[in-house]
Amino acid sequence: MAQVMMKDLNKKYDEVHAVKDVNLHIRDKEFVVLVGPSGCGKSTTLRMVAGLEEITAGEITIGDRVVNDLPPKDRDIAMVFQNYALYPHMTVYDNMAFGLKMRKFPKTEIAKRVGDAAEILGIQELLKRKPRQLSGGQRQRVAVGRAIVRHPQVFLFDEPLSNLDAKLRVQMRVELKRLHERLETTAIYVTHDQVEAMTLGDRVVVMKDGWIQQVGEPLELYSRPANRFVAGFIGSPSMNFVETTIADVNGGLWADTAGLRVKVPPASAARLGPYKGQKVTLGIRPEDLRVASGADSADYSFDTVVEVVEPLGSEILLDLKAGPNVMVARVDPTVRVKHQDKMRLSLHPERVHFFDNKTELAI
Amino acid sequence: MVIERRWKKWVYFYIPLTIFVIGTLFPFYWMLVTAIRPDAELYRSWRAVNNAPFWTLQPTLEHFRDLMAKTTFPRWLWNTFFIAVISTSISLACGLLAGYALARLKFPMAGTLGTSIFVTYLVPPTLLFIPLADIIRDFQLGNTPWALILTYPTFLIPFCTWLLMGYFKTIPKELEECARIDGATRFGAMVRIIFPIAVPGILSAGIFAFTLSWNEFIYALIFLSSPERKTVPVGVVSELIRGDIYFWGQLMAGALLGSIPVALVYSFFVEYYVTGLTGSVKG
């Protein structure tokens, strides 16, 4: 069990600056997820922790040791790869035992540990098989098993569920979470899937273009995104963005654009004061829009036209147009609407986000 | 429809295949028939009444007996075998390490180095033997097996390196990364994980290298002179063609016996050898 510290971590390839000034403190027993679009530097960061990539600048500490110059085998970590990386010429048992054999564990101890791990993962019957005789989900379990037999200080996961089909992915996600709660080992998990990030992480690190955009607990990222990128990346369907102008009408601030005019909620009003007369981006999540009823204040309501209706069973997604602004609303399945219907929507005043148009930071 | 398709299959598949198979196997058949044909039939005029060029009614092992007794053929076989095995081993060892390095390690000029190794393979032996002969003389290796054992790698190493490099590239690099995290050094991961997976590739490189050195002619002809030191291809040609007299029976018997080991090696490893050339197993 150990904490992992990354200090001013940088990685430059010939032309590309892949990781830029990453500072991250991962606490003991914590499950941290690095998430971002492809090419954001998340995998490179993980591989630097593993020792598979050289560090251009900065420092990585695992436990109390600076590991910059340690080869991977001396870092006391275990890694699960996207393509499982099972050794095809060895049986499942030998795959799982390999790390222990390399560390010269006694045979009885190896047998015990492999047995325990196989039991935890429910793969006892597979121990004598070769990897090519296993299904995708079974291979994934073996790969995880190979990591846990070693009782390492840190688990590293590099998109471990991306090669599984959707149903299996959800199932394995739950199992990984359960496993972490049982083993209580520090884990760093890389994924491009924001759902995986939100469900698995104690904390989530959102990255883009090599920079850390925001670090926080899943719900914190969701409710208080630090910038427009995080706001758009976390949540599905993603947040609606509308470019508006802040106008002062009779002492109150309004966000105004063609087809949409809503009052700036009191909570945001003070911070938006300096933006009077300027353009800002208004962000509202699809679930924070609802069909306006008589009780809703006219200040937060606006008219839309329904473009597409997507019934999902538990909810309906509506693609709407408010003037020229396209947006998505997530509404109750009982709502009966069809293409080209007019509809009045109301937004949740406490859940409106504003972003600076230049810096893209949350206001 | 069905009839038309069957007709097409004959024209585009069976007939060309038959022609190809006959074309490929006929020389071997000819070799066999000539080797067991008595001299009387061999040197008979084509116009003779009872001439039957494609078969014989009086098969004989006389040529094989002569080959074993009157020439140093068994000695040639051993020479060829010894030289082929040692030069193949040297080339495989170098090719494995070089191929791995070119496929996996990042170092300056890796690409250029890979290409230049390939270019050396393209230098024809008919040119290369001139400087090589000079070197062999300087080291006083002429007329010893080492003259060939040390010169064959000039074309075997580039060949093995390239074949193995290609094969290593098809093995996912995560496998050895995982092994290195699991506690192996880079060398350990190479030996324990990559080499066992690369067995088909290593075998096909080995078979090819073995065949190339077994059949090699020019270097063997130039660097070896005494009859008992020769290899099969050179020995058969230089000792069984005297002036303008061709000892056809013994020539063909020698060629037949000389090609058997290669044929055996191929047939044993044919499956490996096909996967070796077409790509690796998936992780």
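Annotations
- Considered as a group, the residues in the stretch A:1-24 that are part of a strand (DSSP E or B) and touching a Lys or Arg at 6+ places or on another chain (Cβ under 8 Å) include one that is surrounded by the most Cβ atoms within 10 Å (Cβ to Cβ), and that residue is A:Val19.
- Just one of the numbered conditions (1) at negative phi; (2) more than 14 Å from chain A (Cβ to nearest Cβ); (3) without any contact (Cβ under 8 Å) to a residue 24 or more places away in the chain is not true of B:Gly243: (1).
- Across the stretch B:154-184, the qualifying residues are those that are more than 7 Å from every other protein chain (Cβ to nearest Cβ) and assigned to a loop (DSSP other than H, G, I, E, B), and the one among them that is surrounded by the most Cβ atoms within 10 Å (Cβ to Cβ) is B:Ile171.
- Number of residues in the stretch A:320-354 that are surrounded by 15 or more Cβ atoms within 10 Å (Cβ to Cβ) and assigned to a strand (DSSP E or B) equals 14.
Residues checked against (1) over 18 Å from B:Ile260 (Cβ atoms); (2) in contact with a helix residue (DSSP H, G or I) (Cβ under 6 Å, 6 or more places away or on another chain); (3) in a helix (DSSP H, G or I); (4) touching a residue at least 24 places away in the same chain (Cβ under 8 Å):
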residue	(1), (2), (3), (4)
B:Lys8	yes, no, yes, no
B:Leu17	yes, no, yes, no
B:Ile22	yes, no, yes, no
B:Met31	no, yes, yes, yes
B:Arg44	yes, no, no, no
B:Phe54	yes, no, no, no
B:Leu67	no, yes, yes, yes
B:Thr80	no, yes, yes, yes
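- Residue match in the stretch A:301-318 (condition: of a type in the set (S, T, N, Q) and at positive phi): no
- Checking each residue in the stretch A:148-187 for being over 22 Å from the mean Cα position of the chain (by Cα) and under 13 Å from A:Met79 (Cβ atoms) picks out A:Ile148, A:Arg150, A:Pro152, A:Gln153.
- Of all residues in the stretch B:192-205, none satisfies the criterion of being in contact with an Asp or Glu (Cβ under 6 Å, 6 or more places away or on another chain) and more than 12 Å from every other protein chain (Cβ to nearest Cβ).
- Among residues of the stretch A:76-89, those that are touching a strand residue (DSSP E or B) at 6+ places or on another chain (Cβ under 8 Å), facing another protein chain (nearest Cβ under 7 Å) and not aliphatic (A, V, I, L, M), counted: 1
- Residues that are more than 13 Å from chain B (Cβ to nearest Cβ) and surrounded by fewer than 21 Cβ atoms within 10 Å (Cβ to Cβ), drawn from the stretch A:56-70: A:Thr56, A:Ala57, A:Gly58, A:Glu59, A:Thr61, A:Gly63, A:Asp64, A:Arg65, A:Val66, A:Asn68, A:Asp69
- Just one residue in the set A:Lys101, A:Lys73, A:Lys107 is within 14 Å of another protein chain (Cβ to nearest Cβ) and either farther than 21 Å from A:Ala147 by Cβ or out of contact with any Ser or Thr (no Cβ under 8 Å at 6 or more places or on another chain) (or both); that residue is A:Lys101.
- Within the stretch A:111-221, strands (runs of 3 or more DSSP E) holding 1 or more residues that are surrounded by fewer than 20 Cβ atoms within 10 Å (Cβ to Cβ): A:203-208, A:211-216
- Residue match in the stretch B:267-281 (condition: buried (at least 19 other Cβ atoms within 10 Å of the Cβ), touching a residue at least 60 places away in the same chain (Cβ under 8 Å), assigned to a helix (DSSP H, G or I) and more than 14 Å from every other protein chain (Cβ to nearest Cβ)): yes
- Residue satisfying condition, being within 30 Å of A:Gly210 (Cβ to Cβ) and more than 9 Å from chain B (Cβ to nearest Cβ), within set A:Val114, A:Val49, A:Val92: A:Val49
- Looking at A:Pro349, A:Pro286, A:Pro311, just one residue is at pLDDT 90 or above and closer than 25 Å to A:Phe233 by Cβ, and that residue is A:Pro286.
- The residue that is nearest to A:Asn95 (Cα to Cα), among those in the stretch A:118-135 that are within 14 Å of another protein chain (Cβ to nearest Cβ) and without any contact (Cβ under 8 Å) to a residue 40 or more places away in the chain, is A:Gln133.
- Put simply, of B:Ala147, B:Ala189 the only residue that is modelled with pLDDT of 90 or more, in a helix (DSSP H, G or I) and within 11 Å of another protein chain (Cβ to nearest Cβ) is B:Ala189.
- Condition check for B:Ile222: part of a helix (DSSP H, G or I), within 14 Å of another protein chain (Cβ to nearest Cβ), among the aliphatic types (A, V, I, L, M) and out of contact with any Cys (no Cβ under 7 Å at 6 or more places or on another chain): no
- Top-ranked residue in the stretch A:159-183 [being under 25 Å from A:Leu127 (Cβ atoms) and touching a strand residue (DSSP E or B) at 6+ places or on another chain (Cβ under 7 Å); ranked as nearest to the other protein chains (Cβ to nearest Cβ)]: A:Pro160
- Pick from the stretch B:23-56, criterion closer than 15 Å to B:Trp248 by Cβ and among the aliphatic types (A, V, I, L, M), ranking: nearest to the chain's Cα centre (by Cα): B:Met31
- Cβ pairs under 8 Å, 6+ apart, first in the stretch A:215-231 and within 16 Å of A:Glu196 (Cβ to Cβ), second among the acidic types (Asp, Glu): A:Glu217/A:Asp202
- For the stretch B:118-143, taking the residues that are in a loop (DSSP other than H, G, I, E, B) and under 21 Å from the mean Cα position of the chain (by Cα), the one that is nearest to B:Pro233 (Cα to Cα) is identified as B:Pro124.
- Given (1) in contact (Cβ under 8 Å) with a residue 40 or more places away in the chain; (2) in contact with a Lys or Arg (Cβ under 8 Å, 6 or more places away or on another chain), number of the condition B:Thr60 does not satisfy: (1)
- The residue list A:Ile55, A:Ile60 contains one member that is more than 16 Å from A:Pro152 (Cα to Cα), outside any loop (DSSP other than H, G, I, E, B), touching a helix residue (DSSP H, G or I) at 6+ places or on another chain (Cβ under 7 Å) and of a type outside the set (Asp, Glu), which is A:Ile60.
- Within the stretch A:271-319, the set of residues being under 23 Å from A:Phe354 (Cα atoms), of a type outside the set (A, V, I, L, M, F, W, C) and assigned to a strand (DSSP E or B) comprises A:Lys279, A:Thr281, A:Gly283, A:Arg290, A:Ser301, A:Asp303, A:Thr304, A:Asp319.
The values are calculated or read from the model by the stated rules, or taken from the named source; none is laboratory data. The shown structure was predicted, so the numbers you read here are calculated from the model rather than taken from an experiment. Glycine gets a Cβ as well: all are built from the backbone with ideal geometry, and neighbour counts include every protein chain shown.
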